1. Need pairs with beta-carbon distance below 6 Å; first residue assigned to a helix (DSSP H, G or I) and within the stretch 41-65, second more than 6 Å from ligand 1 (Cβ to nearest atom) and among the charged types (D, E, K, R); sequence gap 6+ or separate chains.
2. Mind listing whichever residues of the stretch 165-184 are surrounded by fewer than 20 Cβ atoms within 10 Å (Cβ to Cβ) and either away from ligand 1 (no atom under 16 Å from the Cβ) or within 24 Å of HIS89 (Cα to Cα) (or both)?
3. Within the set of pairs 6 or more residues apart or between chains, which connect a residue that is part of a loop (DSSP other than H, G, I, E, B) inside the stretch 17-38 to a residue that is surrounded by 15 or more Cβ atoms within 10 Å (Cβ to Cβ) and among the hydrophobic types (A, V, I, L, M, F, W, C) with Cβ atoms less than 6 Å apart?
4. Report whether or not ASP172 is over 23 Å from ARG62 (Cβ atoms) and acidic (Asp, Glu).
5. Mind listing whichever residues of the stretch 185-205 are in contact with a Lys or Arg (Cβ under 9 Å, 6 or more places away or on another chain) and either within 15 Å of ligand 1 (Cβ to nearest atom) or on the phi > 0 side of the Ramachandran plot (or both)?
6. Filter the stretch 190-205 down to the residues that are more than 10 Å from the chain's Cα centre (by Cα) and within 16 Å of ligand 2 (Cβ to nearest atom), then identify the one that is surrounded by the most Cβ atoms within 10 Å (Cβ to Cβ).
7. Can you say whether ASP103 is farther than 24 Å from SER215 by Cβ, away from ligand 1 (no atom under 12 Å from the Cβ), touching a residue at least 40 places away in the same chain (Cβ under 8 Å) and surrounded by fewer than 18 Cβ atoms within 10 Å (Cβ to Cβ), as far as the supplied structure shows?
8. In the stretch 39-88, which residues are of a type in the set (S, T, N, Q) and surrounded by 16 or more Cβ atoms within 10 Å (Cβ to Cβ)?
Amino acid sequence: MTSEDSTSEVVVRLDGVRKEYGDTVALDGVTLEITAGEAVAVMGPSGCGKSTLLNMVAGLDRPTAGSITVNGENLGELNETGLALFRRHRIGMIFQFFNLLDDLPALDNVALAAQLTGVRAGQARRRALELLEELGIADRRNVYPAALSGGERQRVAVARALMNRPALLLADEPTGALDSASGEQVMDLLLDLHQIGQTLLIVTHDPHLATRCASRVVEFADGRVAGERSLERSA
Ligand code: ADP
Ligand code: MG
């Protein structure tokens, strides 16, 4: 049973989500709910469907069957333009390989996320600089991605993801391309974001990342939820 009150707290709801690529079943009936302020880590081996799941929640791809609701939007009811607007306004995304634009310096990579939603350049750049300051990399604002370290690139990517105050922050193996010290910094950052109330969905094959940053770990196997556990977290 759900009431109007309890559903208002739900940020992500997947119901029977299935995704086929030809003969491959990437997701095999996933039902999952994430409430506001949760940090959920979906963990499982390579090929079990984690990136597919994240791409569906981000509205980058559509399920073969089942429904996905994010922040009150039923993604199946949105056309391509609607999905693009949803992604720009409601979702922040962090990837293993950063996905920064090589021909823009750090500050512009971050500011662009807001400019794409119609925010004027000056205002976007001010907020971008604030975020880079909060993440401790304001001194690197004029540096191009090629000259940034992996850890710095990922912090720029986190700043970009936070630019539009997303209802949901998605992270796909966010430490997968980092050395362990930079990886720890990014984990600290994700944990800080969780502790200030950001709703997070992280997918990873790394148990350390999952237990370090998440309030709940969902075990994934062969495109299905195979188990889950809540983590006690003392600040
Ligand atoms: P994970 O992120 O857990 O490593 P993926 O979601 O990337 O897993 O992949 C799940 C399965 O779906 C794999 O068998 C993969 O080969 C397949 N798959 C993923 N994306 C595509 C695609 N665009 N086309 C065809 N098969 C795909
Ligand atoms: Mg993956």
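1. SER51/ASP172; THR52/LYS19; LEU54/ASP172; ASN55/ASP61
2. Listed by number, the residues that qualify are ARG165, ALA167, ASP179, SER180, ALA181, SER182, GLU184.
3. Close Cβ pairs (under 6 Å, with a partner that is surrounded by 15 or more Cβ atoms within 10 Å (Cβ to Cβ) and among the hydrophobic types (A, V, I, L, M, F, W, C)) amount to ALA36/VAL11.
4. No.
5. Residues satisfying the conditions are VAL203, THR204, HIS205.
6. Looking at residues that are more than 10 Å from the chain's Cα centre (by Cα) and within 16 Å of ligand 2 (Cβ to nearest atom), I get THR204.
7. yes
8. SER51, THR52, ASN55, THR69, ASN71
The values are calculated or read from the model by the stated rules, or taken from the named source; none is laboratory data. Everything quoted here is computed from the prediction, not taken from an experiment. Don't worry about glycine lacking a Cβ; one is built from the backbone with ideal geometry, like all the others, and counts go over all protein chains shown.
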